[in-house]
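Here the structure is laid out as structure tokens; the discussion comes afterwards.
A short reminder: the numbers here are calculations on the coordinates, not readings from a lab. Every value quoted in this text rests on a predicted model; they were computed, and no experiment measured them. Here the Cβ positions follow ideal geometry from the backbone for every residue, glycine too, while neighbour counts run over all protein chains shown.
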Amino acid sequence: MDRITSFLTRRENEQLTRSLKPVTARANSRILCGRKEFIDFSSNDYLGLANHPRLKTAACDVIKKLGAGASASRLLSGDFTIHHDLEEKTARFKNKESALVFNSGYQANVGIISALCRPGDVVFSDRLNHASIIDGIKLSGAKLLRFDHNDSVHLAKLLARERARYQEALIITETVFSMDGDLAPLEEIVELKEKCNCRIMVDEAHATGVFGKDGGGVVEEKGLAEKIDLIMGTFSKALGSFGAYVACSEVMKDYLVNSCRSFIYSTALPPGVIAANLASLELVEQEPFRRHRLLENAQYFRDSLKQLGLPVGGESQIVPLLVGGNDLAVKLSRSLQERGHRVFPIRPPTVPPRQARVRFSLTYDHSKETLRRLVKDIEEISCF
Ligand SMILES: *Cc1c(COP(=O)(O)O)cnc(C)c1O
């Protein structure tokens, strides 16, 4: 059997095959897949902004004026003033001196880390960090050292033992973890960073728009912006649009503009996308009730599952039900899908072995009543 077929057969035998499932329509938290309608618990549209009229109008207006595409890299003629407006607004939002926009979170992480680090350097990375972070480290050629998830004691030990053997060092963590929904112990990590002559970068993909008094993320909530060298995040999740950014110093931005290959060698984001991102930042500012209701509902959902004695995790809008076995995760999500809830099993290698789970992503559009029905269905299925 050739490599391709044997790969696919192996995946199938382990019940790990991935497949695409196109959506034909969506409104609020409801989606249509073929003829079946679901309530969607798998989207990252946390604040319910993806379909917001202000984002759509902003994008359409700018498309009519400037066109559908940017036509070139930012360093050629793809650099519109609207890109700079977004960068200024993002820098203020994140309480940093400046910001640089990227085409996606994946490109941001791969590009930034490989621009900052090189062979002879070391990166201390939380064991559960996103694939794009791992890929950036691999591409950089720096040594990857993983510390146990959210374990600053383990990080301290690694730093003490390993830091001196390398040239430059970078510590990287997500602030809200995508598969566990928990928060990094940022104060402790920052304290270690200051003692050990390292840079620190955080990924706020799931925190931006949701945490912090002004929706700026966990870094804002903990008042740590000044102490963190690079604050990366996306416009594609809570902000309901597309693209990513890093907020940092002016000097760091200049360095990235001159060295970051995923920034330099890729066509700029279309002006319409940039306009939607600007509208979305405004909404985060003007409508704090979205994030408040979201976190309140998440707490309600988590408490309800706990009352049923179920193994539930997280402390954010991401709620994992930690069932353990792959087959159990598949069975539970299949039963929930039959009852109209769009949820997916998350299995290795996305999560560690034997930690398969069903992951619920809550959004502003889920009402208490919707959540109550979901809890009731989980209780009735209770295959574990
Ligand atoms: C989604 C995600 C990314 C990638 O962002 P995209 O804009 O979807 O490419 C990066 N890091 C984390 C933690 C994410 O969850």
*Working only within segment 214-239, note down all residues that are more than 21 Å from Asp126 (Cα to Cα), more than 13 Å from the ligand (Cβ to nearest atom) and in contact with a Gly (Cβ under 7 Å, 6 or more places away or on another chain).*
Gly215
*Any idea which of Lys96, Lys56, Lys89 is within 16 Å of Glu285 (Cα to Cα) and within 24 Å of the chain's Cα centre (by Cα)?*
Lys89
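Evaluate segment 131-143: report whether one residue or more is in a strand (DSSP E or B), farther than 23 Å from Glu226 by Cβ and not polar (S, T, N, Q). Please lay out each step first, then the result.
Initial filter on segment 131-143 (in a strand (DSSP E or B)): 143.
With the extra rule that they be farther than 23 Å from Glu226 by Cβ, the set shrinks to 143.
Checking which are not polar (S, T, N, Q) leaves us with 143.
Checking segment 131-143: at least one residue is in a strand (DSSP E or B), farther than 23 Å from Glu226 by Cβ and not polar (S, T, N, Q).
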*Under 6 Å by Cβ, and 6 or more places apart or on different chains, what pairs join a residue from segment 41-63 that is over 9 Å from Ala279 (Cβ atoms) and among the aromatic types (Phe, Trp, Tyr) with one that is part of a loop (DSSP other than H, G, I, E, B) and within 16 Å of the ligand (Cβ to nearest atom)?*
Tyr46/Val210; Tyr46/Ala238; Tyr46/Gln317; Tyr46/Thr363
*List the pairs whose first member sits in segment 157-168 and is under 13 Å from Leu144 (Cα atoms), whose second member is among the acidic types (Asp, Glu), and whose Cβ atoms are under 6 Å apart, counting only residues at least 6 apart or on separate chains?*
Tyr166/Asp121; Glu168/Asp121
_For segment 179-208, which positions are surrounded by 21 or more Cβ atoms within 10 Å (Cβ to Cβ) and out of contact with any helix residue (DSSP H, G or I) (no Cβ under 8 Å at 6 or more places or on another chain)?_
Asp180, Gly181, His206, Thr208
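For segment 90-105, enumerate the residues that are away from the ligand (no atom under 16 Å from the Cβ), charged (D, E, K, R) and either without any contact (Cβ under 8 Å) to a residue 60 or more places away in the chain or buried (at least 23 other Cβ atoms within 10 Å of the Cβ) (or both).
Within segment 90-105, Arg92, Lys96 qualify.
Given the condition out of contact with any helix residue (DSSP H, G or I) (no Cβ under 6 Å at 6 or more places or on another chain) and surrounded by 14 or more Cβ atoms within 10 Å (Cβ to Cβ), answer yes or no: does some residue in segment 1-15 qualify?
Among the residues of segment 1-15, not one is out of contact with any helix residue (DSSP H, G or I) (no Cβ under 6 Å at 6 or more places or on another chain) and surrounded by 14 or more Cβ atoms within 10 Å (Cβ to Cβ), which makes the answer no.
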*asked:* Among the listed residues Ala108, Ala70, Ala58, identify the single one that is surrounded by 15 or more Cβ atoms within 10 Å (Cβ to Cβ), assigned to a helix (DSSP H, G or I), among the hydrophobic types (A, V, I, L, M, F, W, C) and more than 16 Å from the ligand (Cβ to nearest atom).
replied: Ala58
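Against the definition (away from the ligand (no atom under 12 Å from the Cβ) and either crowded, with 23+ Cβ neighbours inside 10 Å or under 18 Å from the mean Cα position of the chain (by Cα) (or both)), how does Ala247 come out, yes or no? Talk me through it step by step, then tell me what you get.
Numbers: away from the ligand (no atom under 12 Å from the Cβ): yes; either crowded, with 23+ Cβ neighbours inside 10 Å or under 18 Å from the mean Cα position of the chain (by Cα) (or both): yes.
Yes; evaluated as a whole, the condition is true for this residue.
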*asked:* Can you tell me which condition Gly223 does not meet? The list is (1) outside any loop (DSSP other than H, G, I, E, B); (2) over 22 Å from Ala169 (Cα atoms), and all the others hold.
replied: (1)
_Given the options Phe211, Phe242, name the one that is part of a loop (DSSP other than H, G, I, E, B) and either away from the ligand (no atom under 13 Å from the Cβ) or farther than 22 Å from Ile112 by Cβ (or both)._
Phe211
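Tell me the residue from Leu295, Leu305, Leu328 that is within 19 Å of Phe177 (Cα to Cα) and in contact (Cβ under 8 Å) with a residue 40 or more places away in the chain, please. Steps first, answer last, please.
Values: Leu305 fails: within 19 Å of Phe177 (Cα to Cα); Leu328 fails: within 19 Å of Phe177 (Cα to Cα).
Matching residue, one of Leu295, Leu305, Leu328: Leu295.
Could you say which residue among Arg74, Arg35, Arg11 is charged (D, E, K, R) and in contact with a Phe, Trp or Tyr (Cβ under 9 Å, 6 or more places away or on another chain)?
Arg74
Against the condition assigned to a strand (DSSP E or B), hydroxyl-bearing (Ser, Thr, Tyr) and within 16 Å of the ligand (Cβ to nearest atom), how does Thr173 come out, does it pass? Write out each step before concluding.
Working: assigned to a strand (DSSP E or B): yes; hydroxyl-bearing (Ser, Thr, Tyr): yes; within 16 Å of the ligand (Cβ to nearest atom): yes.
For Thr173, the condition - assigned to a strand (DSSP E or B), hydroxyl-bearing (Ser, Thr, Tyr) and within 16 Å of the ligand (Cβ to nearest atom) - is met.
Quick test for you: out of Val323, Val273, pick the one residue that is farther than 30 Å from Ile137 by Cα, β-branched (Val, Ile, Thr) and touching a residue at least 60 places away in the same chain (Cβ under 8 Å).
Details: Val273 fails: farther than 30 Å from Ile137 by Cα.
After ruling out the rest, the residue left standing is Val323.
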